[in-house]
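Presented below is the structure to which this report refers.
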Amino acid sequence: MHLSKHSEYKTLAEIKVGHRVIVVRLLVEGLTRRRLLDLGLLPGTEVVAVMKSPLGDPTAYDIRGTVLALRSEDASKIVVKSLSS
Amino acid sequence: MNIRRKNRDYHQERHEDLERGHDYLVALAGNPNTGKSTVFNGLTGLRQHVGNWPGKTVARAEGSFRYMDKRYKLIDLPGTYSLLATATDEEIARNFLLFNNPDVVVVVVDSTAPERNLNLVLQVLEISNNVVICLNLVDEAARKGLQVNVKQLSIDLGVPVVPTVANVGKGLNNLVKAIAGVASGKIVTSPHHFVLRTKIREVLDEVVPQVEKVTGDLPNIRWITMRLLEGDTRIHQTLDTGELASLVGTNQGASVTKEPTKDELKELFDRMKAAAALIQKSLYDYIVSSIYADAEAIASKSVIKVEALKNDLDSKIDRIVTSRFMGFPIMIVLLMAVFWITIEGANVPSQFLAKGLFWLEDQLSMLFRWFGAPQWLEGLVVHGTYRSLAWVVSVMLPPMAIFFPLFTFLEDLGYLPRIAFNIDRFFKWAGTDGKQTLTMCMGFGCNAAGVTSCRSINSPRERLIAILTNNFVPCNGRWPTLILMATIFVAAAFPPAVSSLTASFTLVAITLMGIAITFVISAMLSRTLLKGESSFFVLEMPSYRRPQFSRILYTSLIDRTIKILYRAIVWAAPAGALIWVMGNVHIGGETLMTHAAGVLSPVGLLIGLDGIILVAYIIAIPANEIIIPTIIMGYMGTSMMTEFQSTAELHALFVAQGFTLVTAICLMLFSVLHYPCATTTHTIWKETRSAKWTILSNLIPLVAAVLVCFGVAQSLRTLGFS
């Protein structure tokens, strides 16, 4: 996927607090992918960035009614599409 | 062979469980943070026992309860998001469901996050028939504007669903009734099996009959086939050994069971490989997305979002406690408050206990004399062993009995994950898991407990780092040393009214230093001995919950305080005897203590301490609490540890021995940094089963302590401090 060509695609690490997005694709394989899937982070899932740590990382997201914090390294492996605006 | 033996173990275990007077075996499953342990406590009360899963460092809680003349044994499975066995916890939970054949499986569900919880429920329904859903936290869900149609959910899942608010005991009676109904067969379940997406369904339709040909008719054949397709080695083995046929077949009412032949198996596995190759890469995706699609459909039918509540208190609090300007100040103020309440509150009861226990010592002494016991025996038993016990109890019990309830309060409230959230960036820099924050918080109470809590960290590398550095958080046992130094050398310069405030401020400063050292050493380990990047890390931020008074008391007093105190007593007793010997056996007119101090004195002075302090640190390896009394004994040259003195007297005694502000600072630094106590070292050995890491867990802090103390002492002296 060429992210640069489709400006509406971003990674989860790039979205601002308060933004609502939809998961498009997971750019990771193996154990991490399984863990993300188990938590309900599947293509088509709605995610809202809820808050950022005072030190800028990690960020907490509302995923299917649970607030989960992810580090930017892990969040950057999740491609999302904007829903708000 | 090994597997066959294991197979028998499982059978044996179930057999033993039921032989000890239990009629039914009940397993408790659920996601983490669903209130599962609250349900467990609510059902079993105090009739419970916590041990380990065989061969694993994962806690296993079991308990029992009675209902209508039947006795039920309840096993608390590890909290997991899934049963697809990617982590030890999941493997344990899954193997128990599959091989121990519980009569009933209770799945505790967090009503506020129905989809994610249904993910686990649907997986359990795939493995077990006799399932009861405990729909917990319905009050919280209502507050979030979610209304659950229990009847609809029960129809859709095909098993009983019982709404509960476990922390106030609501609904637990109905839960027990449902468990009894399912166990006795009065309630017949027809578990819903999730709908598979087309592509994988086609493959399974083809493969399932082939597996069935080999294993016979199994109730969870579809699940087993999916596991085989994914290359699950454990399930593979069970087929190889016939364990599956014998277990699942006989106990879940299958009609045909047989042991497969070698050829049959080989043919099957070859076919599986071919089938798996078609979908291998995305098999897991297919399964999980099928489950979630099903979960969404079920949730949308039975969970009604009444209204998004505008006043979301949770996010309001979160915005404050994790804000850029308030986040860190709030943490530090809370830390200081916990220290201050503990120090202030422990003062009077400590003195009271000491008075009582030392009064008892006098009575013991009289008793010994009345029997005409020799003086050395009285000294060894009463003035050595008993006195150190008395000291440990009076110094340790009150602060622990205050600290642990406060800590458990913050834990139950849900504040600790917020601390982890705030400071995670340091751990990321150190290349470790952010849950290390939680293990450090635990370490404030007791490092041995902190080391045990490192189990929550999945990556073995990151878990080991957390274990090796837990010691840099000063535990309760070291507080007395820190408090005394802070009081008589730092706070003495301030008016008495603020002395305990100054003492807790000093404690916070020294603690922050310990935390900084934790980051540095963790980062160093990540770049040298335990090289690696931090692995995937997710931190769940549960809703704030009103802590339950009774649970706090139970967890903090019985589970934490009493257990830790008991261990401290066991270790302090022999140390007390040793101290007495050191202070009373003379060689060439001097006690052993004096001799030893003379030898260690040059090293001690170099790092800002003295010979006596180092001797005390060697003698007090079993229990850090007796450092101060041992030092006092060494200074006074008396033959026994001394009782509480007034602080002014103590100050004079210390100064007369050449004790300065530099000594006090170095002693505090040494106290925070030096090697862990014997209990903690023993725990590290139990958790790691490695001589190398156990030795390093002592060596790393010792080197850090010597280097830091040396550096600080030399620079302070260069700057003109004496």
Once phi is turned into θ = phi - 60°, what whole-Hz ³J(HN,Hα) does the Karplus curve with 6.51, -1.76 and 1.60 give for every residue of region B:606-612, x standing for Gly and Pro?
4, 9, x, 10, 9, x, 4
Top positive-direction residue, dipole computed over the protein assembly as shown with Cβ charges, set B:518, A:28, B:189
A:28
Determine which lysines satisfy two conditions relative to residue B:70: a Cα distance under 26 Å, and not lying fewer than 8 residues away in the same chain.
B:36, B:170, B:177, B:186
What is the pair-distance distribution P(r) of region B:570-722, computed from all Cα-Cα distances in 10 Å bins starting at 0, with each bin given as a whole percent?
11, 36, 36, 15, 2
Rounded to the nearest 10, the angle in degrees between the Cα long axis of helix B:262-279 and the longest principal axis of the Cα atoms of chain B comes to 90 degrees
What percent do you get for the relative contact order of region B:98-159 when only Cα pairs under 8 Å and 6+ apart count?
39 percent
What residues qualify as long-range amide H neighbours of residue A:25, i.e. H under 5 Å apart, gap of 5 or more or another chain, H built at 1.01 Å from N?
A:79
Could you give the size of the charge dipole of region A:19-82 about its Cα centre, using +1 on the Cβ of each K and R and -1 on the Cβ of each D and E, expressed in debye and rounded to the nearest 20?
120 debye
When the dipole is taken about the Cα centre of chain B, and only Lys, Arg (+1) and Asp, Glu (-1) are charged at their Cβ, what size is it in debye, to the nearest 20?
420 debye
Which entries of A:52/B:531; A:81/B:301; A:77/B:428 have Cα-Cα distances beyond 19 Å here?
A:52/B:531; A:81/B:301
Averaged over B:531-539, number of beta-carbon atoms from partner chains that fall within 10 Å
6
Principal axis extents for the protein assembly as shown, Cα atoms only, whole Å, descending order, please.
90, 68, 49
Just counting partner chain Cβ atoms within 10 Å, what average do the residues of peptide B:322-334 show around their Cβ?
2
Listed residue (B:138, B:705, B:507) projecting farthest to the positive dipole end of the protein assembly as shown, Cβ model
B:138
For a protection proxy built on the mean count of beta-carbon atoms within 10 angstrom, sort B:90-101, B:648-659 highest first, please.
B:90-101, B:648-659
Using Cα-Cα distances under 8 Å and only pairs 6 or more residues apart, what relative contact order does chain B have, in percent?
10 percent
Please arrange B:718, B:44, B:660 by counting, for each residue, the other beta carbons lying within 10 Å of its beta carbon, fewest first.
B:718, B:660, B:44
Given H placed on each backbone N at 1.01 Å, which residues far from residue A:67 in sequence or on other chains put an amide H within less than 5 Å of it?
B:541
Normalised by the residues of region B:2-184, what does the relative contact order come to in percent, with Cα pairs under 8 Å and at least six apart?
22 percent
Starting from 0 in steps of 10 Å, tell me what percent of the Cα-Cα pairs of chain B lands in each bin.
3, 13, 21, 22, 17, 12, 8, 4, 1, 0
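Peptides B:204-217, B:428-441: what's the order by average Cβ count within 10 Å, highest mean first?
The densest-packed peptide leads the list: B:428-441, B:204-217.
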When B:223, B:693 are ranked with the fewest other C-beta atoms within 10 Å first, the list becomes B:693, B:223
Measuring from the longest principal axis of the C-alpha atoms of chain B, the long axis of helix B:88-99 (C-alpha) lies at a number of degrees, nearest 10, equal to 50 degrees
Expected-Rg normalisation [2.2 N^0.38 Å, Cα atoms] applied to region B:2-184:
0.98
On C-alpha positions alone, give me the angle between the axis of helix B:283-302 and the longest principal axis of chain B, in degrees, nearest 10.
90 degrees
Once you have the alpha carbon radius of gyration of region B:409-490, what is it after dividing by 2.2 N^0.38 Å, with N set to its residue count?
1.18
Taking other Cβ within 10 Å of each residue's Cβ, how do B:522, B:300 sort, fewest first?
B:300, B:522
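Rounded, prolate or oblate for region B:501-613? Axes are the square roots of the Cα gyration tensor eigenvalues, ordered a ≥ b ≥ c, and the cut-off for rounded is a/c under 1.5.
Since a/c reaches 1.5 but b/c is at least a/b, the shape of region B:501-613 is classed as oblate.
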Dipole magnitude of the protein assembly as shown about its Cα centre (Cβ charges: Lys, Arg +1; Asp, Glu -1), debye to nearest 20:
940 debye
One would report the antiparallel percent of DSSP beta bridges in the protein assembly as shown, rounded to the nearest 5, as 70 percent
Restricting attention to the alpha-carbon atoms of region B:154-194, what are Rg (one decimal) and Dmax (integer), both in Å?
11.4, 33
Can you give the average number of partner chain beta-carbon atoms within 10 Å of each beta-carbon in peptide B:116-126, as a whole number?
2
Kindly identify region B:421-558 as rounded, prolate or oblate by the Cα gyration tensor criterion: order the square roots of the eigenvalues as a ≥ b ≥ c, call it rounded if a/c is under 1.5, otherwise compare a/b with b/c, prolate if a/b is larger, else oblate.
oblate
With the dipole of chain B worked out from charges on the C-beta (+1 for Lys and Arg, -1 for Asp and Glu) around the Cα centre, which of B:620, B:695, B:238 lies farthest toward the positive end?
B:238
Listed by chain and number, the residues whose amide H is under 5 Å from that of residue B:170, excluding neighbours fewer than 5 places away on the same chain and using placed H, are B:165
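Rule-based calculations on the coordinates, nothing more; no lab input. It should be emphasised that the depicted structure is a prediction, and the values quoted were computed from it without experimental measurement. Positions of Cβ are generated from backbone atoms using ideal geometry, with glycine treated the same way; all protein chains shown enter the neighbour counts.
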